[in-house]
Structures are given as structure tokens and as C-alpha cells.
Amino acid sequence: MSSKIPGSLLLLSAILLWSSFPVNADTPPSDKEITQKTGREEIIEKGEEAAKRLIHALKAHLTKAIKSKGVVSAVKYCSLAAEGLSGSVNDTLKKDGVNVKRVSDRFRNPANKPDRTDLVAIRYFRDSLKRDSYLPPYYITKQGAQTRYYKPIRIGKLCLKCHGTEKDIPKAVAKYLREHYPEDRATGYKEGDLRGVIRVTLNSN
């Protein structure tokens with residue numbers, strides 16, 4: 001028998017979904033903004049716009065879920081239903097050869113498990129943050145006909161309610177995570193740590 005998580009705590013954890021991202025997600029880019037271009041500047045532009053579209057969609061649907069079903073449903077939404085929404089966003093991008101996804105080397109949902117190239121990007125951001133106390137705004141790599149644009153995600157103060165250390169995570173939330181994610185890797189963070197990346201894949205025509 002599962003216990004309910006306090007609404008205020010879940011609301012805080014739900015807010016972190018979009019508050020952790022450094023891009024402005026207030027207004028989604030239109031279809032015309034995701035254009036077929038080449039060159040470094042165009043790659044950066046398309047990468048930013050695709051990441052912005054995903055963040056806006058997640059924010060809008062999560063807010064709707066909280067209002068219509070309550071904040072308890074937000075936890076399940078963040079980990080499971082968000083993947084379906086990411087697929088819907090990608091349906092609007094695929095005509096332009098663009099695919100966007102969230103990944104982390106310390107994942108909670110196995111669907112967010114990184115591949116080898118993702119790990120290189122994550123290591124690039126983490127090493128830079130550790131060495132220089134600076135987080136680069138993006139990382140770009142090319143693989144054959146594909147170009148990947150990575151946007152870093154940092155841990156904010158609100159994120160600690162679900163991703164922090166034992167002293168940061170409320171007991172009710174910790175209990176929920178143990179019951180639903182026994183192999184969870186997404187805790188133990190401190191504010192400012194790298195949480196993961198948004199991966200934008202651009203396919204050449």
C-alpha cells in the first residue's frame with residue numbers, strides 16, 4: 001500500500017523539470033523556425049530551438065497534469081509520461097531531420113540511459129565544470145550524416161527535493177523512490193552539479 005507524498009513537495013519537484021534548463025522556454029518555436037540549414041551557427045540555432053520546444057511542451061503538459069489530476073500524478077508523469085510527450089515533440093521535428101531527448105549517466109528512468117557518445121558529451125561538461133567551474137553552453141559532435149548538439153542540465157535548489165542527498169530528500173519522497181525506482185541512480189547531487197543533457201540529433205539530407 002503506497003502512501004501519498006505531500007503535495008507541496010511534489011509540486012517543488014515538478015517545477016524543477018523546467019527550472020533546471022538554461023534556455024528560455026516561455027514561447028515554443030514555430031515549425032518555420034526549425035529550418036534546414038548548414039554550418040555551425042545554424043546547428044547551434046537548430047539545437048537551441050529544438051531543446052526549447054521540448055522544454056516548453058514538458059512544462060505545459062506538466063502544469064496541466066498538476067491542475068487536472070493533482071500534484072501526486074506529477075511524479076509518475078515526470079518519469080514515464082514525459083517520454084511519450086517527447087515522442088510527440090519529435091513527431092513535429094522529424095520532417096526537418098531533428099530528434100530531441102533527455103539523457104543522464106545517473107538516470108532514474110532507464111529510457112534516459114546514455115549511449116557512448118552521450119557519455120563523452122556528459123564527461124566534457126562535467127570535466128569543464130570541475131576544472132574551470134564553468135559550464136559550456138553546448139557541445140557539438142558529428143557522426144557520419146548526423147550531428148549531435150548537447151545542452152547541459154544543472155541541478156537547481158528545487159531539484160534537491162528529489163535528486164539531493166539523504167538529508168535533502170523528504171522521507172515521503174525517499175520512500176516513494178525506493179518503492180518505484182529500486183535501482184535509482186539519480187540522487188546524491190548538490191546544487192550546481194551537472195544533472196544530464198538534452199541531446200538534439202540533426203540528420204543531414
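Return the sequence-ordered ³J(HN,Hα) values of region 187-204 in whole Hz as given by the Karplus equation 6.51 cos²θ - 1.76 cosθ + 1.60 applied to θ = phi - 60°, using x for Gly and Pro.
Karplus-based 3J(HN,Hα) across region 187-204 equals 10, x, 7, 10, 4, x, 5, 6, 8, x, 9, 9, 9, 10, 9, 10, 9, 6 Hz.
Under the rule of at least 5 residues apart or a separate chain, name every residue whose amide H is placed under 5 Å from the amide H of VAL100.
The answer is THR201.
Starting from the Cα-Cα distance between ASP127 and LYS157, subtract it from 0.36 nm times their residue separation and give me the gain in nm to one decimal. Before the final figure, lay out the partial values.
Details: separation 30, 0.36 × 30 = 10.80 nm, distance 2.14 nm.
Gain on extension, ASP127 to LYS157, equals 8.7 nm.
By how many nm would the segment from ALA60 to THR117 lengthen if fully extended, with 0.36 nm per residue of separation less the alpha-carbon distance? Could the numbers behind the result be given before it?
Values: separation 57, 0.36 × 57 = 20.52 nm, distance 3.00 nm.
Answer, rounded to one decimal: 17.5 nm.
No lab work stands behind these numbers, since they all come straight from the coordinates. Everything numeric in this text was worked out from a predicted model, so none of it was measured.
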